[in-house]
Every structure is written in structure tokens, then in C-alpha cells.
Amino acid sequence: MHINALVSALRNRVPWSVARRLLTVSGASASQGWERTETRLTADNVDRDTKDALIEALREHILGGEKLVRFYRLPRAEMNSIRAAVAALTVEPSALSRAYPGILSAAALVGGGLGHRLAAVERREDGTAVIYHSIRIVEVRELIAPERLPQAAREALEGFDEVVGFKEMKLQAYDVIWVPNEGNFVEVRVDFPKGSRRDISESAHAQVTRAFGASIEHRFYYDAINLFPLINAMYVSEDEGDVVELAFSTTTGSLKHEKMRRSRQSLRRELYHTSGKAGLQTPIEPYLLSLRWQRRPGRDNAAQPELELHSTSYEVASETARLYEMTVRNCLYLDDYLFVRNRAKHHLRAIARAVA
């Protein structure tokens, strides 16, 4: 893959806060923001080792970077049947398969349709990823430098501290069906970068599972696992990451929404939060939770992956509260995604044992 195509693919999907560290760890020369970095990398002579490291980083980000995730628990016989079908699955040579893990050019996208198309099958030590390409719209928010505006516009906006522009862009998404070699959990990981519309991404879940069923000639008709019980289970687990966002209802009839974005701080131990809980007669009922973990702190490849379990106050008041997706963000490597995924699965198993 040419370095220009590689950088374009990274820019298409990797948030700058993550990309900056990936570039540095891989031996590339990162500058201030994507614009300057892209210019520098395409002009510099990037060596083979650095390029290979960036290609692997791109592959890992496709598998576990900025994902909206659903879990499916399958019967053993069905799981074995799907494993056999996936083992026999091949990808037809095409412009799409040749471009992977990069993205198609604008010219190649013309007339290509917006449906899910099989792009790659990656067989790894612990399972197989079946990867589909699709096109979706994301909304990008950008600060506009005043000097870029005409004089009349600068004068009209003189009283504002910031000028923000919104634009819609096409995202070349890679959605992943993960079939493990062991166990009975199938994962569907849909690309969900900042600016994605949740309804479109939820629709992508249905579309990619249909495409997967067609690929393996095995209808994927299972119900996603309800993740709502994870919210309280992971909140009350004192050593489970740092709580950086929490919304909950109380027995006094109020709804609270709190955020804690200072590094290495958690709402579980924040004075205002703990004092408020102490004044209640019964436990709070969380319906929205964001957790952040510190991975490899103090190193160049440090990461702070986050798990978002975001539901609504309507659901927490329901006897059958439902939440089918969790969001995993800020992963530097696939290993960071797997760490977060495994913490969620650990609590799901504990919940299942408790109700058995």
C-alpha cells in the first residue's frame, strides 16, 4: 500500500488523539493535526518497518477501534455450524478486497452502492473476523479560523469566541462479525466514530448480520444480549475502571447526570457524588455509564479506552429495561478493545450465574 493511501485510510477512521500516539509509537513523524501530519508523511521517506507497523495498526483499528458492539449467545450446535461455514468462506478478488485494509478511491465508489460488501476474512489465533465494507454519513464538527472568513463575515461574528462549522462526510466503514474459536459469543462490531448517527449505526447492525447470513448461507436470526444490567453491575464494582460519566434516577424522583473528565479521577470517589448518595434511603438506579481504564500508564503507548453503556431514564423506569449496544472508544491497539470486551463479558457471565 502506498504511503498516501495508508495515511488517507488512517485519517478516514482513526481519531487524532489516538492516531497521534499510533504514529509516534510506529516511528512516524506526527505534527499538529491531520493536515500537517499528512503533508509531512507523504513528503518524508517513510521506511518499511514504519509502514508495516502503520498497516498493522490500521488492521487492528478496523477490528476494534471506535465500535458499537452487540453480543449474541448461540446454542452450541449453531455455533459449530457457523464456525464450519466461516472456515470455508473465501473473498472474491475485487477492487475492494485489493484495497483492504485501505479505502476505495472516490472514483471506485461511483456506482458501487451503499450496501454491505464482503471485504476480507481475517483468521487470527483466537477466532475469525468477517469484515464488510459500507458507506455511511457522519457529521464532522470543526472550528473555523476567523482569518479564513471574508471580512464581512468576520465583522458579523466579532462578538463570538468560537465559530464552529458542521459538515456531512462519507465514512467508508468496516463492520466486523467476530466468530471465536471457543465459547458461544458472536460479536458484531459496527464502526461508530464521533459524529455518527446512532439510528444509522443501529441499522448497520441489522444490515451486516443479514449480509453475514447470506455469505455463509446460514440465517442469522438470534436476539442480541440485553446489556442493560451491565450498567449497574459495572458501576458498583469499585475496581472496574474510572466512572467518567453517569446518569441515574433516585427515590426522591430526581434525575442526575454527572461527568468527571479529569485524568485518573472517578465519580465513585468524587465528594459531591458520594455525599449525595449518602443522603438517600435506597441505592441510585443508573441508566447511563461511561468507564475509562488506564492501560500501560507512563509509556509512549499508553491508552485510555472507554466503554459507554448509554440508555435512557425511560428504560430505567421500565420493568423490562433494554440496551443492546455498548460503545468502545479510544483503543490504541486491538488488545485494548479486547480488554474492555472481556471486562463486559466477565460481568455478563456473573449476571447470568446470579439469575440461573
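Data for the structure
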{"quantity": "All helices (runs of 4 or more DSSP H) inside region 81-162 with 2 or more residues being crowded, with 16+ Cβ neighbours inside 10 Å and at pLDDT 85 or above", "calculated": "95-99"}
{"quantity": "Residue tally, condition of a type outside the set (Phe, Trp, Tyr) and touching a His at 6+ places or on another chain (Cβ under 8 Å), over region 77-103", "calculated": "4"}
{"quantity": "Residue in region 173-196 that is farther than 16 Å from Leu307 by Cβ and basic (Lys, Arg) present", "calculated": "no"}
{"quantity": "Residue match in region 6-15 (condition: farther than 27 Å from Arg117 by Cα, within 22 Å of the chain's Cα centre (by Cα) and in a helix (DSSP H, G or I))", "calculated": "no"}
{"quantity": "Test: Gly195 is on the phi > 0 side of the Ramachandran plot and touching a strand residue (DSSP E or B) at 6+ places or on another chain (Cβ under 6 Å)", "calculated": "yes"}
{"quantity": "Yes/no for Ala53 being touching a Gly at 6+ places or on another chain (Cβ under 8 Å) and either of a type in the set (D, E, K, R) or outside the structural domain of Tyr324 (by TED's automatic domain parsing) (or both)", "calculated": "yes"}
{"quantity": "Residue list for region 237-259, restricted to those being under 17 Å from Ser313 (Cα atoms) and not polar (S, T, N, Q)", "calculated": "Glu245, Leu246, Ala247, Phe248, Gly253, Leu255, Lys256, His257, Glu258, Lys259"}
{"quantity": "Region 131-169, residues that are in contact (Cβ under 8 Å) with a residue 40 or more places away in the chain and within 17 Å of the chain's Cα centre (by Cα)", "calculated": "Ile131, Tyr132, His133, Ser134, Arg136, Ile137, Val138, Glu139, Val140"}
{"quantity": "Among the candidates Ser254, Ser290, residue that is closer than 19 Å to Lys67 by Cα and without any contact (Cβ under 8 Å) to a residue 60 or more places away in the chain", "calculated": "Ser290"}
{"quantity": "Leading residue by the ranking (nearest to His257 (Cα to Cα)) among those in region 319-356 that are of a type in the set (S, T, N, Q) and surrounded by 12 or more Cβ atoms within 10 Å (Cβ to Cβ)", "calculated": "Thr327"}
{"quantity": "Among (1) closer than 24 Å to Val340 by Cα; (2) under 20 Å from the mean Cα position of the chain (by Cα), the one test that Val25 misses", "calculated": "(2)"}
{"quantity": "Region 286-308 - residue that is surrounded by fewer than 17 Cβ atoms within 10 Å (Cβ to Cβ) and either at pLDDT below 90 or not small (Gly, Ala, Ser) (or both) and, of those, nearest to the chain's Cα centre (by Cα)", "calculated": "Gln294"}
{"quantity": "Selection from region 309-334 of residues that are in contact (Cβ under 8 Å) with a residue 60 or more places away in the chain, within 14 Å of the chain's Cα centre (by Cα) and not in a loop (DSSP other than H, G, I, E, B)", "calculated": "Leu309, Met326, Thr327, Val328, Arg329, Leu334"}
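For (1) in a helix (DSSP H, G or I); (2) more than 20 Å from the chain's Cα centre (by Cα); (3) of a type outside the set (A, V, I, L, M, F, W, C), each residue gets a yes or a no:
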site: Ala19; (1), (2), (3): yes, no, no
site: Ala30; (1), (2), (3): no, yes, no
site: Leu58; (1), (2), (3): yes, no, no
site: Arg70; (1), (2), (3): no, no, yes
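The values are calculated or read from the model by the stated rules, or taken from the named source; none is laboratory data. What you see is a predicted model; the values in this text were computed from it and never measured. Cβ coordinates were reconstructed from backbone atoms using ideal geometry, including for glycine residues, and neighbour counts include every protein chain displayed.
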